[in-house]
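The values are calculated or read from the model by the stated rules, or taken from the named source; none is laboratory data. Only a predicted model underlies this, so the values are computations on that prediction, with no experimental measurement involved. Heads up, the Cβs are rebuilt from the backbone with ideal geometry, glycines too, and the neighbour counts pull from every protein chain shown.
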C-alpha cells in the first residue's frame, strides 16, 4: 500500500438516516397504491348505471378536512418540541394531533352512517358506491393505522419512556402522518370537488 | 448513522446455554428465528430452487399434454390450472425469490456492512413471501372450498376480467391466487425497502455510490422499481377481492365496470415486473463477465445510467400487451415507440459487456459459459421484442406461441441462465466448496441444447398460427412434429436441471475446498472467509475504488489512480 489517498480518510463519512430512507420508500410504494385507486375513481366518475349519484348524497366534509390538515401543523409543532427536549409541550401537541385525527375519523363514521342508512348507498349499490367506499375507506384505514401509532407514542410519552434522543424516530413516524394528510388533499379534490 | 442507540445493560449474555433436548430441533429453531441476512438469503434461495423444480414439473406436464395432437394426458381443466400455476410460480415464487436470495446475501457483503438495515423486517418479509407461496399451493387442497368446485387457480397468471368474477370462477381458487399475491406483495415491498435503506445508509467508508459494485446498483434500481410496480398489483388484487367478496363492480361489465381497466392495472405491474426480474440478472453478468475476462467492467457510469434508464422507460410501455384490444392509433404509436426505446439502454449494456470481453483473457469456467450464452440469447429476445412492439405485427402474432417463445427467451434464456451463472459463481462463497465443473459443463450444454430445441422451435409454431393457452389441437394443423420437438427439448432441460440439483447436493459434501477467493475476484465479499462468519467483516473495510481487492492485490498499480 504505497500512497493511499489519505485525503479521503479525513473527510467525514456521512450517510442518510435509514429510518427516513425507509419511510420515504414506504410512502412512494403507498402512493402507487393510492394512485391506482384514484385513477379507478376518476375513470368511473359518471359511469354508474343506477342512482344515487355523488351530487345527490355527498356533502363536502369541511370540518373534517380542516381538522386533518391542521393535525399536520400540530404534529410539526410537536416534532420541534421533542427536538428541544421539551417533553411536556411535546405531549400536549401530540395529544392535539390525536384528537384532530379522531374528529376526522368520527366525521367519516357519521358520513358513512348517513350514506348507508339514509341514502341506502353501499359498496354493492353501484359503481359510485364501490369506488367511493374503496378509496375513502383505504384512506381511512391509513388514518386509523396512524392513530394507533400516534396513541402508542403518546402512551410511551406519558409513562416517561420518550426523551429527545427519540426525536428522529418520532419525526420518521410523523412523515407517515404528513403523507396521510397529503393523500387526503388528493382524495378530497377527486371525490368531493371533481367527482361531485 | 443518525439513528440513536440506547446504552444496553448486560448486552453480553454470560449465562451458560441450556442443554437442549435435541440438537436438530435447536438447529431448525435457529433457522426459523434467524434475522441474519445470509441465512435469510439462503432460505430464499432454497425456496426458489424448490419452486423452480415444482414450476418445472408443471411445465413438463404441459409439454407432455401438447406433445401429440388430441392428447388426453391432462383434462382441459387441469391443463388450465397447470399453466396458471406454472406462470404464477415462476414469476412470483422463483423470480422474486431469487432476487432477494442474492440481494440479501450479497448486498451487505458487497458494501462492507454487518447486516441489512432492518434485520427483523428482513425476516418478516421472508416469512410473508414464504407463507404467500404456501397459500397459493394450498389452493390445490382448499380451493374446493364449500362449493365443491375449483381446485388450483385456472384464470391464467394475468387473470383477465370478467373471467375472475364470482359467476365465472366460483369456488375459492381465484381468491387463493389473489390473497397469495397480496401477501407476497407485502413481503416483496418490505424487502425492497430494506435493500434501498441498506444500500443508501450502510455503505462502508469510501463506498461512494459510484464505487458500488454494479450488482448492488442493479439491486438498488430493482428495489426502487418494485416500490412502484408491485403496489399497483396489490391495489388491483384488493379491488378484485372487493368485487368477489363484497359485491363491488370494479370489473363488473354489467354494472358499468370495465374489464379493460383490469388489463391496464395488471400490465402496469406486469411489464415492469419483467424488468424487476431481469435487472438483477444484468447485475450478475456485470459481476461475472469482468472477473472471467480479467478486465474491469467497460463503461461503468454508462452501465449505471442505462440501468436507471431501463427502469424509467419500463414504466411507460405496458399497453404493448394490449395492442389487440383496439386502442387509438395515437395509443398504438406511443406504446410501440416507447417499447422500442427500451432497446437503447439495453443495447448500451450489451455493447459494454462485449467491450469488457474484448481483448480480455477469457476463462471459460461454468459461470462464464452461462453468461456468454445469456449475451446471445438476450440479444435474440430483444430482437423479437422489437418485432412484437410493431403494433401491426403484434396483431398477427398476439397470443400465439411466438409471444410465448419471445418471453421465455427473456425469462429463461436471459434470467435463468444468469441465475445459474450466479449460483456457480457464488456457491463457493456461500458453502466454502466449489461446484463440480464436470457436472457444471454437462448442466450447461444440456440446458443450452434443450433450451434452443424448445424455444427456437416455438417461434415457428407461433408463425404457423398456434395460439397459447389451448390444451390440445387437431392433427391436421401441421403443428405435430414441431410440438413433439418442443416437448423433447423440454425434457432435455428437465434433465439438465436435475443434474444441477444433484451438483448442488453432491458438491455440498464432496466439492473441492474453495478458500476465500477462488476466482481471483475484486469485490468485497471475496475478502472474507467462505462461508462468511456471522459478523461478516472482522474490521470495517475501507475502499478507494470499484475493485477494492484489486487495490490490495496490486498495491503498485491500484485502481483509484485511474478512476475519477
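Annotation note: of A:147, A:175, A:135, A:100, the sole residue that is out of contact with any strand residue (DSSP E or B) (no Cβ under 9 Å at 6 or more places or on another chain), within 13 Å of chain B (Cβ to nearest Cβ) and surrounded by 15 or more Cβ atoms within 10 Å (Cβ to Cβ) is A:135. If you scan the stretch B:401-420, which residues turn out to be surrounded by fewer than 21 Cβ atoms within 10 Å (Cβ to Cβ) and more than 19 Å from the chain's Cα centre (by Cα)? Answer for the stretch B:401-420, where residues must be surrounded by fewer than 21 Cβ atoms within 10 Å (Cβ to Cβ) and more than 19 Å from the chain's Cα centre (by Cα): just B:403. Of the residues in the stretch B:421-438, not one is buried (at least 21 other Cβ atoms within 10 Å of the Cβ), over 22 Å from the mean Cα position of the chain (by Cα) and in a helix (DSSP H, G or I).
Within the stretch B:189-217, the set of residues being touching a residue at least 12 places away in the same chain (Cβ under 8 Å), more than 10 Å from chain A (Cβ to nearest Cβ) and assigned to a helix (DSSP H, G or I) comprises B:191, B:210, B:211, B:214, B:215, B:216, B:217.
Per-residue answers, yes or no, for (1) within 14 Å of another protein chain (Cβ to nearest Cβ); (2) touching a strand residue (DSSP E or B) at 6+ places or on another chain (Cβ under 8 Å); (3) at pLDDT below 95:
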{"site": "B:1", "(1), (2), (3)": "yes, no, yes"}
{"site": "B:11", "(1), (2), (3)": "no, no, yes"}
{"site": "B:22", "(1), (2), (3)": "no, no, yes"}
{"site": "B:36", "(1), (2), (3)": "no, no, no"}
{"site": "B:39", "(1), (2), (3)": "no, no, no"}
{"site": "B:44", "(1), (2), (3)": "no, no, no"}
{"site": "B:60", "(1), (2), (3)": "no, no, no"}
{"site": "B:67", "(1), (2), (3)": "no, no, no"}
{"site": "B:88", "(1), (2), (3)": "no, no, no"}
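For the stretch B:393-402, the condition holds for at least one residue, the condition being that it is more than 28 Å from residue B:304 (Cβ to Cβ), touching a helix residue (DSSP H, G or I) at 6+ places or on another chain (Cβ under 6 Å) and outside any helix (DSSP H, G or I).
Among the conditions (1) within 19 Å of residue B:497 (Cα to Cα); (2) crowded, with 23+ Cβ neighbours inside 10 Å, the only one that residue B:109 does not satisfy is (1). Can you tell me which residues in the stretch B:227-248 are more than 8 Å from chain A (Cβ to nearest Cβ) and either part of a loop (DSSP other than H, G, I, E, B) or within 18 Å of the chain's Cα centre (by Cα) (or both)? Answer for the stretch B:227-248, where residues must be more than 8 Å from chain A (Cβ to nearest Cβ) and either part of a loop (DSSP other than H, G, I, E, B) or within 18 Å of the chain's Cα centre (by Cα) (or both): just B:233. Residue-level check: of (1) in a helix (DSSP H, G or I); (2) within 11 Å of chain B (Cβ to nearest Cβ); (3) without any contact (Cβ under 8 Å) to a residue 12 or more places away in the chain; (4) closer than 30 Å to residue A:132 by Cβ, residue A:66 misses just (2). The condition of being free of Cβ contacts under 8 Å to residues at least 24 places away in the same chain, under 21 Å from residue A:34 (Cα atoms) and in a helix (DSSP H, G or I) holds for only one of A:101, A:146, A:137, A:106, that being A:137.
Residue-level analysis places residue B:544 outside the set of residues that are more than 30 Å from residue B:449 (Cβ to Cβ) and exposed (fewer than 13 other Cβ atoms within 10 Å of the Cβ).
Applying the set (1) modelled with pLDDT of 95 or more; (2) within 11 Å of another protein chain (Cβ to nearest Cβ); (3) crowded, with 22+ Cβ neighbours inside 10 Å to residue B:184 leaves exactly one unmet item: (2).
How many of the residues making up the stretch B:446-493 are modelled with pLDDT under 95 and under 29 Å from residue B:50 (Cβ atoms)? Selection size over the stretch B:446-493: 3.
Within the stretch A:14-32, the only residue that satisfies the criterion of being more than 7 Å from chain B (Cβ to nearest Cβ) and not in a helix (DSSP H, G or I) is A:14. Within the stretch A:24-36, the set of residues being surrounded by fewer than 22 Cβ atoms within 10 Å (Cβ to Cβ) and farther than 13 Å from residue B:189 by Cβ comprises A:24, A:34, A:35. Between B:251, B:220, the distinction of being within 12 Å of chain A (Cβ to nearest Cβ), crowded, with 24+ Cβ neighbours inside 10 Å and either assigned to a loop (DSSP other than H, G, I, E, B) or modelled with pLDDT under 95 (or both) belongs to B:251 only. Considering the conditions (1) at pLDDT 95 or above; (2) more than 19 Å from the chain's Cα centre (by Cα); (3) closer than 24 Å to residue B:239 by Cβ, residue B:109 is excluded by exactly one of them, (3).
Taking the criterion of being at negative phi, assigned to a helix (DSSP H, G or I) and either free of Cβ contacts under 8 Å to residues at least 24 places away in the same chain or in contact with a strand residue (DSSP E or B) (Cβ under 6 Å, 6 or more places away or on another chain) (or both), would at least one residue in the stretch B:315-330 satisfy it? Explain how you work it out, then say what you get.
Keep residues of the stretch B:315-330 that are at negative phi, which gives B:315-325, B:327-330.
Subset that is assigned to a helix (DSSP H, G or I): B:318-321, B:323-325, B:329-330.
Pick out the ones that are also either free of Cβ contacts under 8 Å to residues at least 24 places away in the same chain or in contact with a strand residue (DSSP E or B) (Cβ under 6 Å, 6 or more places away or on another chain) (or both) and you get B:329-330.
Yes.
Among A:112, A:94, which is within 25 Å of residue A:54 (Cβ to Cβ) and surrounded by 14 or more Cβ atoms within 10 Å (Cβ to Cβ)? I'd like the intermediate steps shown before the answer.
Values: A:94 fails: within 25 Å of residue A:54 (Cβ to Cβ).
Of A:112, A:94, the one residue that is within 25 Å of residue A:54 (Cβ to Cβ) and surrounded by 14 or more Cβ atoms within 10 Å (Cβ to Cβ) is A:112.
In the condition set (1) touching a residue at least 12 places away in the same chain (Cβ under 8 Å); (2) facing another protein chain (nearest Cβ under 10 Å); (3) buried (at least 20 other Cβ atoms within 10 Å of the Cβ), residue B:278 is compliant with all but (2). Mind listing just one residue for me: the one in the stretch B:540-564 that is more than 33 Å from the chain's Cα centre (by Cα) and part of a helix (DSSP H, G or I) and, of those, nearest to the other protein chains (Cβ to nearest Cβ)? This residue is B:560.
Does residue B:259 satisfy the condition of being over 30 Å from residue B:416 (Cβ atoms), more than 10 Å from chain A (Cβ to nearest Cβ), modelled with pLDDT under 95 and out of contact with any strand residue (DSSP E or B) (no Cβ under 7 Å at 6 or more places or on another chain)? So residue B:259 passes the test. Of the residues that make up the stretch B:296-303, is at least one part of a helix (DSSP H, G or I) and surrounded by 18 or more Cβ atoms within 10 Å (Cβ to Cβ)? Yes, that holds for at least one residue.
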